[in-house]
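Every number in this text was worked out from the coordinates using simple rules, so none of it is lab data. Source: prediction; values computed, not measured. Every residue, glycine among them, receives a Cβ derived from its backbone with ideal geometry; neighbour counts consider all protein chains shown.
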Amino acid sequence: MGIDIKKHHVKKGNRTAPKSEDPYLLLLVKLYRFLARRTDSSFNKVILRRLFQSKINRPPLSLSRITKEASASPDFENKIIVQVGTVTDDIRFITIPKLTIAALRFTRSAKERIVAAGGEALTLDQLALRAPTGSNTILLRGKRTAREAVKHFGMGPHKHRKPYTISKGRKFERGRGRRKVCVSCSTFFRVIHLVASPVASKSNCLRAKSEVNWRPSGRRFGYMLCVLTMIRMSICYIHFYANYMCEGFKDRVIRKSDKCGI
C-alpha cells in the first residue's frame with residue numbers, strides 16, 4: 001500500500017546544474033562540485049550555487065563598488081576579491097588601488113585598469129589553485145534590483161512603481177496626482193459661493209481664499225447655489241433693462257418737446 005504524501009509531485013525549484021551549454025562554465029561546475037564535496041568549506045558550495053544561476057541573478061559589479069565594499073575589510077589589498085559574474089569599469093572612478101580580483105568575466109577596460117594599478121585579474125580555476133577552501137578571500141556580488149525592469153515591478157499606485165509610458169504628451173500620464181489643480185474651476189466655485197450667499201461671513205471668505213481645492217459639498221447645496229445665482233443674475237438684468245427703458249423714454253419725451261417748441 002502506498003503512502004499518501006502531501007504535495008507528492010511538487011519539484012524543487014532550485015537549480016542543480018546550469019542551463020548554459022558553455023563548455024568552460026561546465027568545467028568550472030565540475031571543478032567546484034568536486035571541491036564542495038571533498039572539502040568542508042561553505043565557500044565552495046556558495047560558488048557552485050552561484051555558477052548555476054541565471055545571468056539576471058549574477059548582476060555585474062563595477063570597480064568603484066568593489067573598492068568601496070572591499071575597503072571596509074582590513075588588509076583588503078592582500079586578499080582575493082571574488083565575484084561570480086562580470087567585473088565592469090567605472091570611468092567616474094579616477095584611481096583604483098592594487099586589487100586581486102577573481103571573476104567569471106572582465107570587461108577589457110576593467111582588466112586593463114586592474115593590471116595597470118599593479119593588481120591581478122584571475123579566473124575562477126586560478127582561484128581554486130590559490131585558495132581551494134576560500135581562505136583569505138572577500139566574496140561580493142552585484143545588486144539584483146538595479147535593473148531597469150525592477151523599477152516597473154509592484155502593484156497599485158502606492159508602491160512607487162515606474163509606469164510603462166506610451167507617450168508623455170497631453171493625454172498620457174496626466175491622471176490624478178500627476179497633474180496640477182485647475183485653479184480656474186476652484187475660483188469659479190468660490191465666486192459662486194460668495195455671490196450667492198446672502199451673508200458671507202468672514203470665516204467663509206478666509207476659507208474660500210485659503211483653500212485652492214475647495215468645492216461646495218452636497219448635491220442640494222450645489223442646486224441651491226445655482227438657483228440663487230440665477231435669481232440674482234435675473235434681478236440684475238431686470239434692473240439694468242428697466243433703467244435702460246426709463247432713460248430711453250426720457251430721451252423720447254425730450255426730443256418730442258424740442259420738436260413742438262415746448
Could you let me know the centre-to-centre spacing of region 1-60 and region 100-139, using Cα atoms, in angstrom? 23
Is the shape of region 1-118 best called rounded, prolate or oblate, per the rule: a/c under 1.5 gives rounded, else a/b larger than b/c gives prolate, else oblate, with a ≥ b ≥ c the square roots of the Cα gyration tensor eigenvalues? prolate
Can you give me the distance in nm between label points at Arg179 and Val227, each placed 7 Å from the Cα along the Cα-to-Cβ direction? 3.3
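For region 18-102, which GluC sites (Glu not before Pro) are in a loop by DSSP, counting at most 14 other Cβ atoms within 10 Å?
Glu21
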Filter on Lys19/Lys68; Lys11/Lys55; Lys11/Lys45; Lys143/Lys171; Lys98/Lys143 - keep pairs with C-alpha separation over 27 Å: Lys19/Lys68; Lys143/Lys171
Added length on full extension, which subtracts the Cα-Cα distance from 0.36 nm per residue, Ser54 to Asp75: 4.3 nm
For Arg108, put the label point 7 Å out on the Cα→Cβ axis and report which residues of region 57-92 keep their amide N under 17 Å from it. 87-91
What is the projected area of the convex hull of the Cα atoms of region 57-148, averaged over all directions, in nm²? 6.1
Per its Cα gyration tensor (rounded if a/c is under 1.5, else prolate when a/b beats b/c, else oblate), region 31-79 is best filed as oblate
Spin-label point model (7 Å from Cα, Cβ direction): what's the Arg144 to Arg170 distance in nm? 4.6
Residues with beta-carbon under 13 Å from that of Ser62, excluding Ser62: net charge, scoring Lys, Arg +1 and Asp, Glu -1? +3
